Amino acid sequence: MLDFNPMNALIVNLNLSVDKTVALPSFEKGRIYRLSNPITLPGGKGVNVARTLRSLGMEAPIAGFVGGHNGRWIAEALRAEGFAASLERHSAGESRVCYTVVDRRGLTTDLNEEGPAVPPESQRGFLRRFGALVPRFRAAAVCGRVSAGLKKGFYASLVKLAARRGCFTVFDTTGPALAEAVDAGACGVKINRFEFEELSGLRFSAASVNSYFRRKARRGLKTLIVTDGAGHTCAASPFGLWRVEPPRLGRLKSAVGAGDSFMAGFLFGFLNGYDFERTLKLASGAAASDCLSLGAGFIDREQALS
């Protein structure tokens, strides 16, 4: 049984991965590179969120699917980092491996495996696991790439299981799964501008974010946050519409994981009762701090707060 604090969030990272990050002076096609000292960590957007939350002072357990030898390594590595995890194991293939190459300008190239299709029995097992866990948490954040093979209705089931227990659900994912979650009554969505345009069919602007939010608020949506990298963030809630200008950074190490640190800052503010504006400021600070480190989900707390 997981240790938990009922004030905290459950982080759902269905498509967990082995993440490898390497820094190179430059990265050009057609060359051979000898990689020394790569950063190898258990990963996925949700794991990055949990790391940032820990830096802010909050522990959050992680739930997801794992398979094969990679899945066993992910489970062991999460334990080694001190994360509580509730993992549904399957034998349909190896958990994915994701590679990030960062050059001296902070420009990243990502090569991400999709991962195996999750068997139906494992999907049912995870929903039972989630239903047993979610009553213990005030919020559940569902983050990251959709696992292959998930049946239609899986994400709607996550929303409904959480809603029955009064648990706030916030999603950072893409495609039909995200649309399904919103239509099922997801409480919050935190995505980037390209994911917003795919979801809404609208061009990103403050007006389009507000329009989509108002339409989906009838289904239960309470928060919509759309980030745009170094550009401004638009955030809509029942309290109004915000435009957030991120801090100017004198240097950039890597922007990989910045959106996940934003999500962590949002969760931390929400769970600690911050008002919406203060929460957005903290989330933006966490994202900016992440850009100044190599590896996703690593921030400096004091830097983020400043």
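Quick look at the numbers
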| read-out | value |
| --- | --- |
| Alpha-carbon Rg/Rh ratio, for the range 256-297, with Rh computed the Kirkwood way | 1.01 |
| Tail fraction, Cα-Cα pairs, the range 211-251, threshold 12 Å, whole percent | 60 |
| Qualifying GluC sites (Glu not before Pro) for the range 1-95 [loop in DSSP, other Cβ within 10 Å: at most 11] | E28 |
| Semi-axis lengths, Å, the range 27-102, gyration tensor of Cα atoms, sqrt of 5 times eigenvalues | 25, 18, 10 |
| Rg(Cα) / (2.2 N^0.38 Å) computed for the range 128-174, rounded to two decimals | 1.11 |
| Integer Hz, Karplus 6.51/-1.76/1.60 couplings in order for the range 163-177, x for Gly and Pro | 4, 4, 9, x, 8, 6, 10, 10, 10, 9, 8, 9, x, x, 4 |
| Cβ-based charge dipole, the chain, positive-most Cα from G131, L294, G30 | G131 |
| The range 94-205: translational diffusion in µm²/s, Stokes-Einstein, Kirkwood Rh over Cα pairs, 4 °C, 1.567 mPa s | 83 |
| Computed [θ] at 222 nm, deg cm²/dmol, the chain (DSSP H ≥ 4; -39,500 (n - 2.57); rounded to nearest 500) | -11500 deg cm²/dmol |
| Apportionment of accessible area to carbon and sulfur, the range 116-236, percent (1.4 Å) | 50 |
| Hypothetical label at F239: residues of the range 266-306 whose amide nitrogen lies under 15 Å (7 Å Cα-Cβ projection) | 266-284 |
| Normalised convex hull volume, the range 161-248, alpha-carbon set, Å³ per residue | 93 |
| Inter-part distance where the range 1-70 and the range 113-166 are each reduced to a Cα centre, Å | 19 |
| The chain: relative contact order as a whole-number percent, Cα under 8 Å and 6+ apart | 17 |
| With all protein chains modelled, accessible area of K20 [1.4 Å, Å²] | 70 |
| Distance in nm between pseudo-label sites at A230 and F27 (7 Å out along the Cβ direction from Cα) | 1.7 |
| For the chain, diffusion coefficient by Stokes-Einstein and Kirkwood Rh (Cα), 10 °C, 1.306 mPa s, µm²/s | 82 |
| Cross-link pairs beyond the 19 Å C-alpha cut-off, checked among K190/K281; K29/K253; K45/K190 | K29/K253 |
| Dipole magnitude of the range 1-143, debye to nearest 20 (Cβ charges: Lys/Arg +1, Asp/Glu -1, about Cα centre) | 160 |
| Relative contact order computed over the range 2-97 (Cα-Cα under 8 Å; 6+ residues apart), in percent | 36 |
| Sum of side-chain charges, R89 neighbourhood, beta-carbon under 13 Å (Lys, Arg +1; Asp, Glu -1) | -2 |
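The values are calculated or read from the model by the stated rules, or taken from the named source; none is laboratory data. Not measured: the values here are computed from a predicted model. Cβ: placed from backbone, ideal geometry, glycine included. Neighbour counts: every protein chain shown. These accessible areas exclude ligands, DNA and RNA; they are computed on the full protein's heavy atoms, side chains included. Shrake-Rupley method; radii C 1.70, N 1.55, O 1.52, S 1.80 Å.
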